[in-house]
Amino acid sequence: MKSGAPLWGIDLGGTKIEGALVDPADPLSALHRLRRPTGAEHGYEHILSAIEAVVDDLARVSGLPRPVCLGIGTPGTEDPASGCLKNSNTVCLNGRPLCGDLSQRLGCEVRIANDANCFALAEATWGAAAGADVVLGLIIGSGTGAGIVAGGRLIQGLHGIAGEWGHNPIRNESVPCYCGRTGCVETVIAGPSLERFYREATGEALRLPGIVSRAIEGDRIASATLERLREKFSEAIAAVMNILDPDVIVVGGGVGNLPLFYEEATRASIARHLFNPVVRTRIVPPALGDSAGVFGAARLSAPFTA
Ligand SMILES: [Zn+2]
């Protein structure tokens with residue numbers, strides 16, 4: 001994107017609020033970047049104050065006035081109909097008009113997107129998928145989120161649910177999901193689901209890194225857990241690819257760190273489910289690390305006309 005005024009981004013997390021001032025001409029060396037604790041246990045008003053304090057900290061260290069537009073990445077999603085947040089694991093945010101309240105408090109425009117969308121936007125603009133037209137950014141960790149960027153623009157959707165592939169159903173799966181349905185992708189391939197599969201087969205509770213180590217040592221059930229991840233991921237992502245047919249898929253998150261996503265065997269597995277005999281889609285690891293959230297939030301604050 002073109003150079004211009006610094007972009008202001010806030011990544012609102014469950015435990016910390018990160019703020020950054022990003023130069024669009026040289027985004028990877030953020031001009032200023034700082035953090036404060038979220039203090040979610042003190043409630044919604046406290047979070048608003050803490051965000052305002054981060055903005056004022058950034059203004060002070062940079063010598064700039066408060067922004068005219070601020071991007072913010074949040075846990076959960078804004079319901080476009082009500083303007084209130086929903087599905088946030090920082091529960092005091094749910095049902096609250098965060099964007100409107102912040103806009104009023106800061107006296108500026110505030111643009112909001114969930115953290116998976118910010119991840120996708122950052123990786124599509126400045127990261128592993130820079131220059132690609134249609135980008136799907138996945139976060140596979142304790143849950144499964146995703147964001148879609150097309151032509152440099154984030155697609156949030158009428159209901160704000162664009163990219164929520166984690167709650168598509170997988171065939172022959174029936175574990176209840178927190179969303180009220182059963183057999184969701186998230187109940188099969190997210191980290192806790194993989195750990196549950198191993199535990200139910202062996203009686204032993206192991207975290208995912210332990211299961212991966214066991215697989216390398218030749219543990220048959222650990223290997224089966226990872227092969228199941230490959231197969232179920234392939235089925236789930238092929239359903240998304242049949243609709244979106246992205247140029248690049250960026251796979252982030254704790255589970256997304258596993259090398260299996262980039263192996264030829266996974267590509268072959270996806271091809272068995274895809275409505276096309278070959279998979280030419282680039283499937284790549286993220287390039288921005290833990291900066292993607294705040295960089296994506298900053299990118300939100302710029303016009304989508306770069
Ligand atoms: Zn679900």
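Fewest to most neighbouring Cβ within 10 Å: what's the order for Cys99, Cys179, Cys69, Cys184? Can you show the working numbers first?
Values: Cys99 19, Cys179 13, Cys69 16, Cys184 27.
Neighbour counts put them in this order, fewest first: Cys179, Cys69, Cys99, Cys184.
When Arg230, Arg181 are ordered from fewest to most other Cβ atoms inside 10 Å of their Cβ, what list results? It would help to have the intermediate numbers written out before the result.
Details: Arg230 19, Arg181 12.
Ranked by crowding around the Cβ, least crowded first: Arg181, Arg230.
Evaluated with a Cβ-only charge set (Lys, Arg +1; Asp, Glu -1), the range 118-218 carries a dipole of roughly 100 debye about its Cα centre, given to the nearest 20. Computed per residue of the chain from DSSP H runs no shorter than four, each worth -39500 (n - 2.57), the mean residue ellipticity at 222 nm is -11000 deg cm²/dmol.
For Leu206, Leu34, what ranking results if the residue with the fewest other Cβ atoms within 10 Å of its Cβ goes first? Please report the intermediate quantities before stating the final value.
Numbers: Leu206 18, Leu34 15.
In increasing order of surrounding Cβ atoms, one gets Leu34, Leu206.
Among Ala113, Ala265, Ala190, which one moves the most in a GNM of the chain with springs linking Cα atoms closer than 10 Å? Sorting by GNM fluctuation, first place goes to Ala265.
Among the helices of the chain, those built from whole DSSP H runs whose Cα atoms reach 18 Å or more along their own axis and whose mean Kyte-Doolittle hydropathy is at least 0.5 are 44-62. Relative to its residue count, the range 101-219 spans a Cα convex hull of 177 Å³ per residue. Report, for the chain, the % of DSSP beta bridges that are antiparallel, rounded to 5. Expressed as a percentage, antiparallel bridges in the chain total about 60. Calculate the all-directions average of the projected area of the range 131-286's alpha-carbon convex hull, and give it in nm². Taking the Cα atoms of the range 131-286, their convex hull projects to 9.4 nm² on average. Computed over the chain with a Gaussian network model linking Cα atoms closer than 10 Å, the most mobile of Asp133, Asp247, Asp219 is Asp219.
Within the set of other residues whose C-beta is less than 14 Å from the C-beta of Leu28, count the net charge using Lys and Arg as +1 and Asp and Glu as -1. Charge balance in the 14 Å sphere: -2. Can you tell which of Ala5, Leu138, Val248 lies farthest toward the positive end of the dipole of the chain, using +1 and -1 charges on the Cβ of basic and acidic side chains (Lys, Arg; Asp, Glu)? Selected residue: Val248. Less than 5 angstrom separates the built amide H of Lys16 from those of Thr38, all sequence-distant by 5 or more or on a different chain.
For the options Val22, Val61, Val248, a Gaussian network treatment of the chain with springs between C-alpha atoms closer than 10 Å singles out Val61 as fluctuating the most.
The chain: D in µm²/s via Stokes-Einstein (Kirkwood Rh, Cα pairs, 20 °C, 1.002 mPa s)?
On the way: Rh = 20.0 Å.
Estimated via Stokes-Einstein, D reaches 107 µm²/s.
Overall, the ratio between the Cα radius of gyration of the range 9-161 and 2.2 N^0.38 Å, rounded to two decimals, is 1.01.
Summarising the amide proton neighbourhood of Gly183: residues at separation of 5 or more, or on other chains, whose placed amide H is nearer than 5 Å comprise Ser174, Val175, Cys177.
Where a number appears in this text, it was derived from the coordinates with a stated rule and is not lab data. Just so it is clear, the model here is predicted, and its values are computed rather than measured. So basically every Cβ, Gly included, is an ideal-geometry build from the backbone, and we count neighbours across all protein chains shown.
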